[in-house]
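The values are calculated or read from the model by the stated rules, or taken from the named source; none is laboratory data. Since this is a predicted model, take the numbers as computed values, not measurements. Here the Cβ is made from the backbone with ideal geometry for all residues, glycine too, and neighbour counts use every protein chain on show.
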Amino acid sequence: MIASEGKIVIIPVILIFFIGMFTSYLIDDSLSWLKYFNYFSFSFLLFTLYFFRNPKRNPVGELNQMLSPADGKVIQIINVNDPEIGNAKQISIFLSIFDVHSQYVPIDSSVISSNYFSGKYLLAFNHKSSSKNEQTTTLFKTKENNKYKIKQIAGFIARRILNYMKSDQSVIRGQRLGFIRFGSRVEIIIPRNNFDIIVKKGDKVKANTSPIGIFK
């Protein structure tokens, strides 16, 4: 299954590929530059189809568990002071270009706010990207009034963050939260005192299937 967010990239790549193939048919296909162009366009087409894959996954585990909102690798778990959450933990997940780039709601919640910040484009595994890069931050509240945040952070290549959350919206875990095109970073900010983290730095996680912790 291909993510709908990929159409804006995939359709032009398909057109370029078929233009190259048609040109090869019309003129001398022994031209080395044309062969290399067709090889490159076909390879890029395969890559875009792979990158924008959108596997269907049903949420697993107990309803009070928070699932990972994204695929990727946990690269940082630190203490932070957040203006809305207070004393908090920040779990940072790095998404390489080989990871699925859809994000999902990690636990049944209501949306308090969703804010976009236009920033820089540092490499997503650079921890400075957490505060300096282009990002969208969504503040949620669970049914038990526990607040948490999901930050979608653009990387060096990414230039487009899609976020589908609206203020006062009720959402369920596994619901589509958004999408980031190409390499990126996703962060979860949760209260320090009433949340037990069950992942550690270096873990590989998958959205909707990897529990990251539970509210006490």
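Modelled with pLDDT under 85 and basic (K, R): is that true of K89 in this structure?
No, not satisfied.
Listed residues Y36, Y50; which is surrounded by fewer than 18 Cβ atoms within 10 Å (Cβ to Cβ) and farther than 30 Å from Q175 by Cβ?
Within the list Y36, Y50, the selection yields Y36.
Whether any residue in the stretch 74-93 is on the phi > 0 side of the Ramachandran plot and either among the aliphatic types (A, V, I, L, M) or crowded, with 16+ Cβ neighbours inside 10 Å (or both) is what I want to check.
There is no residue in the stretch 74-93 that is on the phi > 0 side of the Ramachandran plot and either among the aliphatic types (A, V, I, L, M) or crowded, with 16+ Cβ neighbours inside 10 Å (or both).
Among the residues of the stretch 1-28, write down those that are of a type outside the set (S, T, Y) and under 18 Å from the mean Cα position of the chain (by Cα).
M1, I2, A3, E5, G6, K7, I8, V9
Filter the stretch 172-205 for residues that are under 23 Å from R160 (Cβ atoms), assigned to a loop (DSSP other than H, G, I, E, B) and not small (G, A, S) and give the result.
Q175, R181, F182
Could you list, ordered by first residue, the pairs with Cβ atoms under 8 Å in which the first is in the stretch 66-89 and among the acidic types (D, E) and the second is in a loop (DSSP other than H, G, I, E, B), at least 6 apart or interchain?
D71/D99; D71/V100; D71/H101; D71/K206; D71/A207
Would you mind finding the one in V9, V60 that is farther than 30 Å from N194 by Cα, in contact (Cβ under 8 Å) with a residue 40 or more places away in the chain and not assigned by TED's automatic domain parsing to the domain that holds R185?
Going through V9, V60 in turn, just one is farther than 30 Å from N194 by Cα, in contact (Cβ under 8 Å) with a residue 40 or more places away in the chain and not assigned by TED's automatic domain parsing to the domain that holds R185: V9.
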